[in-house]
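Worksheet for the structure shown next.
The values are calculated or read from the model by the stated rules, or taken from the named source; none is laboratory data. Everything numeric here is computed off the predicted structure, so don't read it as measured data. Cβ placement follows ideal geometry from the backbone for every residue including glycine, while neighbour counts extend to all protein chains displayed. These area figures cover heavy atoms from the full protein model, side chains too; ligands, DNA and RNA do not enter into them. Shrake-Rupley method; radii C 1.70, N 1.55, O 1.52, S 1.80 Å.
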Amino acid sequence: MPARIVAFSGNTHRPSRTRTLVEAVAAELSRLRPIDLKVYDLVDAGTGIAVASRSALPLPAARIVEALESADALIVGSPVYKGSYAGLFKHLIDFVAPEALVGKPVVLTATGGGPRHALVVEHSLRPLFGFFSAQAAPTAVYAGDTEISEGRVADEIVRARVAQAAAELARLLDVAQGANVSAAASAPLASAAAR
């Protein structure tokens, strides 16, 4: 079965450099293994997401949250605003059930105006997904304003990081799927022993 991958770009408009970056990682991953990819932008959540409870989310936003929770792996990206991830990106992530991301493989990406924003993936995104106990790939990908051009990753170093992050995500998926197969195989044995 192809792995169910959700790529989520925390951008309020389309097209965006953030979407280009998450799609580049997804495209690289698809070269390594079969995937079932769904790509969402923050703009897909619609208006009215400034609510206090998950039950009050508009349907498009609720569907994004459910997709994030049910995916086998995530590729997430946020534009950098004032040194951190976008506020509305974080607001939507706040509705994800913490237990839904435990052990889930994730690639972290971000786009910003220049090199001074590059550490946002390490100082903001990695701790955020660490809270959820997600399995973040060691390589994160950041692209500045000159490294993505005309809807493609134009910088050779960023392309190399995209390829590295995708390879790590493929390995994390292999480990996660192997653990699921082992757990499924041992469940009948445990059930029989209990009788």
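Some observations on this one:
- Compared with the dominant Cα axis of the chain, that is its longest principal axis, helix 17-32 is turned about 40°.
- Between the residues 166, 55, 103, the greatest Cα displacement towards the positive end of the dipole of the chain, with unit charges on the Cβ of Lys, Arg, Asp and Glu, is found for 55.
- For the chain, a simple Cβ point-charge model (Lys and Arg +1, Asp and Glu -1, everything else neutral) yields a dipole of about 160 debye relative to the Cα centre.
- The stretch 111-128 and the stretch 1-80: distance between their alpha carbon centers, rounded to Å: 18
- Dipole magnitude of the stretch 29-127 about its Cα centre (Cβ charges: Lys, Arg +1; Asp, Glu -1), debye to nearest 20: 280
- Amide hydrogen neighbours beyond the local backbone of residue 135, cut-off 5 Å, H modeled: 103, 104, 106
- Prolate/oblate/rounded call for the stretch 47-103, Cα gyration tensor, a/c under 1.5 rounded: oblate
- Within the stretch 40-131, chymotrypsin sites (Phe, Trp or Tyr not before Pro) in DSSP loop having at most 16 other beta-carbon neighbours inside 10 Å: none
- Nearest-10 value in Å² for the accessible area of residue 171, using the 1.4 Å probe: 130
- At R0 = 22 Å, FRET efficiency that the Cβ-Cβ distance of residue 177 and residue 131 yields, to 0.05: 0.35
- Solvent-accessible area of residue 123 with every protein chain in place, 1.4 Å probe, in Å² to the nearest 10: 130
- Between the listed residues 136, 15, 65, the Cα displaced farthest toward the positive end of the dipole of the chain, a dipole computed from Cβ unit charges relative to the Cα centre, is found at 65.
- Given the choices [x] 16.2, 49; [y] 17.2, 64; [z] 15.5, 46, Rg and Dmax of the Cα atoms in Å derived from the coordinates of this structure is entry [y].
- Using Cβ point charges alone (K and R +1, D and E -1), the dipole size of the stretch 4-78 about the Cα centre works out to roughly 100 debye.
- Converting phi to 3J(HN,Hα) with the Karplus coefficients 6.51, -1.76 and 1.60 and the offset θ = phi - 60°, the stretch 96-102 yields 6, 5, x, 6, 6, 9, 4 Hz in sequence order, with x at every glycine or proline.
- With all protein chains kept in place, the per residue accessible area of the chain amounts to 49 square angstrom at a probe of 1.4 angstrom.
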